[in-house]
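S.K.: Below you'll find the structure I mean.
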């Protein structure tokens, strides 16, 4: 059975021809351009082949697997794997967090996942853990986004950055929604001289 040439053999073919012919008088720029064109063709063929294979896999895949593959295929979805561990940026994972992240990436059932939610008593699943309003994960997710934006403001040179500053007390104002916090209301982030925004709610 004849094997197809590897990408390395294809892209190096012009150089191999010159060696076989013992040609010494050539333009290196033309050789580089020709090899780049061959590399682009190889990449395009590989991309087309992988897309066809992915479409074949997804054709018979479950909805959960389709969602996992779509999330893992998005740009930047693998950045956490190669990110340099840093406590300042929250990229240090202990072994349990790393294993959970791998299982979530491939759509597998998490290890040691409880059968019942401790907050509301409903059946526990990964999606429920992300959505449960009585659990603490929603607060953690909100706080991580809040802290990240605040740190970006500090890194940009803003010195007067405050997290959850208390808003001014009410003096007879009326609100359309009953869920509005009328006592001890706080903004997420306060940044002085950030454009024209001051004492404004950034996150909802």
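Readers should treat all values here as calculations from the given coordinates under stated rules, not as data from a laboratory. On a predicted model such as this, the values are computed, not experimentally measured, just so you know. Don't worry about glycine lacking a Cβ; one is built from the backbone with ideal geometry, like all the others, and counts go over all protein chains shown.
S.K.: Counting only Cα, what are the radius of gyration and maximum Cα-Cα distance Dmax of segment 1-82, in Å?
M.R.: 19.3, 59
S.K.: Return the distance in nm (one decimal) between the two label points of a simple spin-label model at residue 44 and residue 27, each offset 7 Å from Cα along Cα→Cβ.
M.R.: So the label points at residue 44 and residue 27 sit 2.2 nm apart.
S.K.: Between 35, 124, 153, where does the largest GNM mean-square fluctuation fall for the chain, given springs only between Cα atoms within less than 10 Å?
M.R.: Residue with maximal mean-square fluctuation among 35, 124, 153: 35.
S.K.: Same structure again: If r is the Cβ-Cβ distance from residue 155 to residue 181 and R0 is 45 Å, what FRET efficiency results, to the nearest 0.05?
M.R.: So, using R0 = 45 Å, E works out to roughly 0.90.
S.K.: Considering the convex hull of the alpha carbon atoms of segment 98-183, report its projected area averaged over all viewing directions, in nm², one decimal. List each step's numbers first, then the result.
M.R.: Numbers: hull surface 37.8 nm².
Orientation-averaged projected area of the Cα hull: 9.5 nm².
S.K.: If the chain between residue 67 and residue 144 were fully stretched, how many nm would it gain, using 0.36 nm times the residue separation less the Cα-Cα distance? Write out the running numbers ahead of the final one.
M.R.: Numbers: separation 77, 0.36 × 77 = 27.72 nm, distance 2.40 nm.
Difference between extended and current length: 25.3 nm.
S.K.: Further question on the same structure: Bin width 10 Å, alpha-carbon pairs only: give the P(r) of the chain as whole percents, running from 0 to the bin holding the largest distance.
M.R.: Percent of Cα pairs in each bin: 6, 17, 21, 20, 16, 11, 6, 2, 1, 0.
S.K.: Another question, if that's okay. Say R0 is 35 Å: what FRET efficiency, to the nearest 0.05, do residue 74 and residue 15 get from their beta-carbon distance?
M.R.: On the way: r = 37 Å, r/R0 = 1.06.
It comes out at approximately 0.40.
S.K.: May I pose another question? Pick out which of 66, 53, 36 has the largest mean-square fluctuation in a Gaussian network model of the chain, springs linking Cα atoms closer than 10 Å.
M.R.: Comparing 66, 53, 36 in the GNM, the peak value goes to 36.
S.K.: Once R0 is set to 41 Å, what does the formula 1/(1 + (r/R0)^6) return for the Cβ-Cβ distance between residue 167 and residue 105, expressed as a FRET efficiency to the nearest 0.05?
M.R.: Values: r = 40 Å, r/R0 = 0.97.
Here the calculated transfer efficiency is 0.55.
S.K.: Could you identify which residue out of 193, 25, 147 has the top mean-square fluctuation in a GNM of the chain using Cα springs shorter than 10 Å?
M.R.: Per the Cα network of the chain with a 10 Å cutoff, 25 tops the list.
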